[in-house]
Amino acid sequence: MARTDFGPPDYRQMIPPVIARNYGKWKYHTIPQPGVLKHVSESGEVLYSVRIASARLVSTDFIQEICDIADKYCDGYLRFTTRHNVEFLVSDETKLQPLLDELKSRNFLVGGTGNAISNVVHTQGWVHCHTPATDASGIVKSMMDELHGYFTTMKLPARLRLAVACCVNMCGACHCSDIAIVGIHRAVPRINHEGVAKACEIPSVIAACPTGAIRPNPKLKSVEVIKEKCMYCGNCYTMCPSMEIQDAENDGISIWVGGKVSNARTAPKFSRLAIPYLPNNPPRWPEVTDAVKHLVEVWAAHAKPGERMGEWIDRIGWERFFKLTGLPFTDKHIDDFNFAPTTFRSTTQFRF
Ligand code: SF4
Ligand code: SF4
């Protein structure tokens, strides 16, 4: 019988020998300098992880380059983290500084550890997905060109996790990031009735709508959308290309704050709406970049040491958050399904 699902290879074939020898015996780690983690085992053996920033969508040339560097300094051992950082795993301490020197000479940014911005998690954007309201990697590039000083140092009050999703389906980690940038559609899908009739499975399109906004239109052998119920999620477009959701004039960007995955100190939190709409302005998205930079700077100036964005907001309250940041608080911030045609809902807790 043909074997069709091979799955990933067993991780034990790929871990560095020092990790295999000390599996389950690592005692602690320190961060001797930004971007360098030192793990120490019960046996006294040491492993250094050197972290560099990477674009999430990378070329084969880039992969070849980092593999060549890993061959030279790490016996070929490197890994990608869940935030798309690249980590070189160095078990020979004498190779640590030469590796750092070579990375510097090739203009790689070393950092992303401790109280810093780590690599930005982001979604597919215009390169790949079908429902984006904005690009993802383009925004990340524009934003990190401004913020990389917070990647290569550890001068923030706490760690800062950024994420970008190009639509509200948010296949990135936006729902629980310190600052999340989320592309938004603001208009109901445009129905090409002829296309729906010819190409789409109408029951599947109707079932795909989370708010029950789509109903059959038997006269046209198509569907119609109840405008008041639509929240512009684009799920129907996923099922049927004749329900176009992208709209150059209305699509834009929202910014969410205060989420975290970690349960250190305080419970995990969802990100909440801070800025309901900014224009989608490629190729450099200046409004988005300025807004994120401003949020980082206000938080960094007012948070106590160790306080994540959401913990800081919990302490000072949302009213003061809007005062300190100078952001307007609008009806768009209030969670209420009745506002569905005009607002992007957050959560029931999001009230003064
Ligand atoms: Fe596609 Fe939305 Fe994910 Fe972007 S966030 S890649 S548009 S599903
Ligand atoms: Fe329903 Fe979303 Fe399509 Fe609107 S965009 S009709 S809410 S599936």
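The values are calculated or read from the model by the stated rules, or taken from the named source; none is laboratory data. Just so we're clear, the structure is a prediction, and the values are computed from it rather than from any experiment. When we count neighbours, we look across all protein chains shown, and the Cβ atoms used for this are built from the backbone with ideal geometry, even at glycine. Ligands, DNA and RNA are stripped out before the accessible areas are found, and what is left, the full protein with its side chains, is counted by its heavy atoms. Shrake-Rupley method; radii C 1.70, N 1.55, O 1.52, S 1.80 Å.
Counting only helical runs of four or more DSSP H residues, what would the 222 nm mean residue ellipticity of the chain come to if each run contributes -39,500 (n - 2.57) and the total is spread over all its residues? Mind dumping the intermediate values first?
Working: 10 runs with 92 residues, N = 352.
The helix contribution divided over the chain gives -7500 deg cm²/dmol.
Can you pull out the GluC sites (Glu not before Pro) in the range 1-107 that DSSP calls coil and that have at most 14 other Cβ atoms within 10 Å? All intermediate terms of the calculation are to be shown ahead of the outcome.
On the way: sites: GLU42, GLU45, GLU65, GLU87, GLU93, GLU102; in loops: GLU42, GLU45.
Passing both the DSSP loop test and the Cβ count: GLU42.
Out of ALA116, VAL257, LEU278, whose Cα points farthest toward the positive end of the dipole of the chain (charges: +1 Lys, Arg; -1 Asp, Glu; placed on Cβ)?
VAL257
What's the whole-number percent of alpha carbon pairs in the range 169-261 lying beyond 18 angstrom? Walk me through the numbers before you get to the answer.
On the way: 2087 of 4278 pairs.
When every Cα pair of the range 169-261 is considered, 49 percent fall beyond 18 Å.
How many angstrom separate the Cα center of the range 298-332 from the Cα center of the range 124-147?
Value for the Cα centre distance between the two parts: 26 Å.
Which lysines, if any, have their Cα less than 22 Å from the Cα of LYS155, not counting same-chain residues under 8 positions apart?
Result set, ordered by chain and number: LYS38, LYS104, LYS141, LYS260, LYS293, LYS304.
In nm, to one decimal, how far is the ASN107 label point from the LYS72 one, both placed 7 Å along Cα→Cβ?
Rounded to a tenth, the inter-label distance reads 1.7 nm.
I'd like the Kirkwood hydrodynamic radius of the range 64-177, using the inverse of the mean 1/r over distinct C-alpha pairs, in Å. Spell out each step's value before the answer.
Numbers: mean 1/r = 0.0642 Å⁻¹.
When all Cα pairs of the range 64-177 are included, the Kirkwood radius is 15.6 Å.
How big is the range 11-106 along each principal axis, measuring the range of its Cα positions in Å and listing the largest first?
Largest to smallest, the principal-axis extents are 38, 28, 23 Å.
Please report the spacing between the Cα centers of the range 159-173 and the range 1-62 in Å, no decimals.
Cα centres, the range 159-173 to the range 1-62: 25 Å.
What net charge is computed for the residues neighbouring GLU311, neighbours being all others with C-beta under 9 Å from the C-beta of GLU311, Lys and Arg scored +1, Asp and Glu -1? Intermediate results must be reported in sequence, preceding the final value.
Numbers: positive: LYS260, ARG265, LYS269, LYS304, ARG308, ARG315; negative: GLU307, ASP314.
Charge balance in the 9 Å sphere: +4.
Heavy-atom accessible area per residue, the chain, 1.4 Å probe: how many Å²?
Normalised by residue count, the accessible surface of the chain is 50 Å².
To make sure I understand the rule: partners must be lysines, Cα under 28 Å from the Cα of LYS219, and not fewer than 8 residues away in the same chain. Which ones qualify?
Leaving aside lysines fewer than 8 places away in the same chain, those within reach of LYS219 are LYS198, LYS227, LYS229.
Taking the range 217-310, which trypsin sites (Lys or Arg not before Pro) meet the DSSP loop condition and have no more than 16 other C-beta atoms within 10 Å? Provide the component values of the computation, followed by the final result.
Values: sites: LYS219, LYS221, LYS227, LYS229, LYS260, ARG265, LYS269, ARG272, ARG284, LYS293, ARG308; in loops: LYS221, ARG265, ARG284, ARG308.
Listed in order of number, the matching sites are LYS221, ARG265, ARG284.
Under 1.5 on a/c is rounded, so check that first for the range 51-131, then, if it is not, pick prolate when a/b is larger than b/c and oblate when it is not; a ≥ b ≥ c are the square roots of the alpha carbon gyration tensor eigenvalues. It would help to have the intermediate numbers written out before the result.
Values: a/c = 2.39, a/b = 1.70, b/c = 1.40.
Prolate.
Keeping all protein chains in position, work out how much accessible area ARG56 exposes to a 1.4 Å probe, and write it in Å² to the nearest 10.
Approximately 70 Å² for this residue.
If you take the Cα Rg of the range 124-234 and divide it by 2.2 N^0.38 Å, with N the number of residues, what do you get?
Details: Rg = 18.9 Å, N = 111, 2.2 N^0.38 = 13.2 Å.
So the range 124-234 has a normalised radius of gyration of 1.43.
For the range 190-244, what number results from the quotient of the Cα radius of gyration and 2.2 N^0.38 Å? Don't skip to the answer; put the middle values down first.
Details: Rg = 9.7 Å, N = 55, 2.2 N^0.38 = 10.1 Å.
After normalising by residue count via 2.2 N^0.38 Å, the value is 0.96.
Please report, in whole Å³, the volume per residue of the convex hull around the C-alpha atoms of the chain. Show your work: numbers first, answer last.
Values: hull volume 63.2 nm³, N = 352.
Cα convex hull per residue, to the nearest whole number: 180 Å³.
Report in % the part of the accessible area of the chain that belongs to carbon and sulfur, leaving out ligands and nucleic acids; probe 1.4 Å.
Result for the chain: 54 percent of the exposed heavy-atom area is carbon or sulfur.
Which Cys residues of the chain have no other Cys Cβ less than 4.7 Å away and so no disulfide-compatible partner by this rule?
CYS67, CYS74, CYS129, CYS166, CYS167, CYS171, CYS174, CYS176, CYS209, CYS230, CYS233, CYS236
Would you mind getting the Kirkwood hydrodynamic radius of the range 239-302 from its Cα pairs, rounded to one decimal in Å? Each step should come with its number before you reach the end.
Numbers: mean 1/r = 0.0695 Å⁻¹.
The answer is 14.4 Å.
Between the DSSP loop rule and a limit of at most 14 other Cβ atoms within 10 Å, which trypsin sites (Lys or Arg not before Pro) in the range 130-161 are left? Could you put the intermediate results ahead of the total?
On the way: sites: LYS141, LYS155, ARG159, ARG161; in loops: LYS155, ARG159, ARG161.
Loop-located and lightly packed - LYS155.
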